1. Return the pairs, sorted by first residue and then second, in which the second residue is in a loop (DSSP other than H, G, I, E, B) and away from the ligand (no atom under 15 Å from the Cβ), the first residue lies in segment 142-169 and is assigned by TED's automatic domain parsing to the domain that holds Gly238 and closer than 21 Å to Glu234 by Cβ, the beta carbons are less than 6 Å apart, and the residues are 6+ apart or on different chains.
2. Quickly run through segment 273-295 and pick out the residues that are among the charged types (D, E, K, R) and either at pLDDT 95 or above or under 20 Å from Ile379 (Cα atoms) (or both).
3. Select the helices (runs of 4 or more DSSP H) contained entirely in segment 34-150, then report the ones holding at least 2 residues which are of a type outside the set (Phe, Trp, Tyr) and under 15 Å from the mean Cα position of the chain (by Cα).
4. Based on this model, can you work out whether Asp196 counts as more than 12 Å from the ligand (Cβ to nearest atom), of a type in the set (Asp, Glu) and within 30 Å of Lys54 (Cβ to Cβ)?
5. So which residues in segment 132-157 are more than 18 Å from Lys186 (Cβ to Cβ) and buried (at least 20 other Cβ atoms within 10 Å of the Cβ), if there are any at all?
6. Could you tell me whether Pro104 is surrounded by fewer than 16 Cβ atoms within 10 Å (Cβ to Cβ), under 30 Å from Gly309 (Cα atoms), modelled with pLDDT under 95 and more than 16 Å from the ligand (Cβ to nearest atom)?
7. I need a count of the residues in segment 151-169 that are within 16 Å of the ligand (Cβ to nearest atom) and assigned to a loop (DSSP other than H, G, I, E, B).
8. I need the full set of residues from segment 326-381 which are farther than 24 Å from Ser166 by Cα and within 16 Å of the ligand (Cβ to nearest atom), in order please.
Amino acid sequence: MDFRDTPEQAKWRQEVREFLRTEWPKVRPANDEDLDAPYQRGVAGDVLKKWREKLAEKGWIAPAWPKEYGGLGLGVMEQFIMNEEFAEARVPQVGGMGVSMIGPTLIIHGTEEQKREHLPRILRGEVQWCQGYSEPGAGSDLASLQTRAVRDGDDWIINGQKIWTSGAHNADWMFMLARTDPDAPKHRGITYFLVDMKSPGITVRPLINMAGLHNFNEVFFEDVRVPHKNVVGEVNRGWYVGTTTLDFERSSIGNAVGQRQAIEYYLRWAKKNGVRLAEPTRIEWADRWVEAAVARMLSYRVVSLQAAGRVPNYEASMAKLYNSELSQRIARTAMKMLGMWGQVTERERAPMRARAPMSYLATVSATIAGGTSEIQRNIIAMRGLGLPRG
Ligand SMILES: Cc1cc2nc3c(=O)[nH]c(=O)nc-3n(C[C@H](O)[C@H](O)[C@H](O)COP(=O)(O)OP(=O)(O)OC[C@H]3O[C@@H](n4cnc5c(N)ncnc54)[C@H](O)[C@@H]3O)c2cc1C
């Protein structure tokens with residue numbers, strides 16, 4: 001593999017880097033050291049708003065979308081370079097699920113009316129979206145979902161429950177899957193809906209994660225009316241809409257860069273404070289450093305397949321599995337380095353404002369969200385190694 005940029009790619013990388021170097025400091029609050037930490041509490045809303053406006057001016061909110069829908073129509077490598085530079089500069093991406101998931105899905109499967117209604121609002125950052133797939137009895141085996149939608153004239157009436165719905169408490173709209181034909185084979189009786197979160201009958205209940213944060217929720221549907229015009233694709237064919245390549249960038253490059261930056265952050269702190277590391281911890285850091293380089297290579301592998309017009313399969317699972325487990329190992333090594341201080345979670349008193357213990361707690365979910373490690377290993381075993389299903 002040739003790691004060098006072509007002259008055009010190098011020019012594009014320079015343009016992105018220069019923009020971030022000059023524009024991000026104008027928006028980023030001074031002395032907000034949280035932005036450089038491995039565990040961030042998120043960027044303040046007003047900062048994000050200003051940053052979104054700057055990106056919108058450049059047409060950089062949804063660079064992967066085709067130009068006719070307000071994107072840049074970037075190729076795989078150009079997109080990858082942009083994401084890599086954003087990650088290196090620790091600059092937030094602003095589009096959320098609207099830009100990365102539902103927008104591309106509507107561009108492929110949506111009606112003209114759906115595109116006109118939703119795409120401009122996503123580009124202007126006016127609406128937040130959430131994803132209503134998982135249910136208490138349907139996660140890894142998503143096709144077992146039981147939330148029901150029944151046709152009633154021009155509407156559908158939805159009853160059931162979703163769970164682990166990230167950001168539902170701030171969302172204006174949800175893209176979701178519901179069962180519309182309970183007698184059909186399970187993949188063939190599911191329909192894809194767009195649901196206004198203000199519809200009567202929707203209740204959002206917070207779930208607090210083990211780090212004490214409110215990121216995801218339970219969402220209950222009680223006789224929620226959704227107009228038929230909000231069905232995406234064909235009725236009972238929603239499984240295929242839902243599994244469309246929702247994410248245009250699946251190389252995990254942002255994660256891979258973040259791993260190295262996290263290690264650098266912890267080690268900067270140790271050196272600055274003259275922390276003498278016992279040999280096992282020193283050796284662990286060396287291992288983590290090598291592993292961060294491996295994570296990057298796995299990301300490059302995924303993107304080079306995409307750039308060659310191929311669809312990464314078990315290779316994307318390898319990158320996801322490795323990155324998520326590495327984030328946990330890095331947090332563990334940081335905790336070992338801190339010893340008993342790792343138990344202090346009060347930000348004011350703890351070393352590095354408690355970033356190590358918060359990362360330790362927060363990274364637990366990395367090996368569950370977006371497909372668990374067991375599922376990724378099964379994909380690698382079956383599709384990568386050609387082993388028979390167990
Ligand atoms: C931080 C976070 C954010 C999330 N955000 C969203 C969201 O916004 N929207 C949404 O819809 N969902 C979301 N989810 C849900 C996520 O997609 C599911 O948690 C995930 O798919 C696993 O499903 P489950 O929790 O039902 O676990 P299960 O599928 O019940 O799995 C339980 C255990 O059994 C193992 N297992 C299951 N099947 C197999 C198998 N075939 N072979 C071997 N082992 C198996 C799993 O690996 C796991 O260890 C989020 C989850 C997390 C952690």
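The values are calculated or read from the model by the stated rules, or taken from the named source; none is laboratory data. Because the structure is predicted, anything quoted here is derived from the model rather than measured. Note: ideal-geometry Cβ built from the backbone for every residue, glycine included; neighbour counts use all protein chains shown.
1. So the pair list comes out as Ala149/Thr180.
2. Passing the criteria: Arg282, Glu284, Asp287, Arg288, Glu291.
3. It comes to 76-88, 103-109.
4. So Asp196 fits the description; yes.
5. The answer is Trp156, and nothing else.
6. So Pro104 does not fit the description; no.
7. Result for segment 151-169: 4.
8. Residues satisfying the conditions are Arg377, Asn378, Ile379, Ile380, Ala381.
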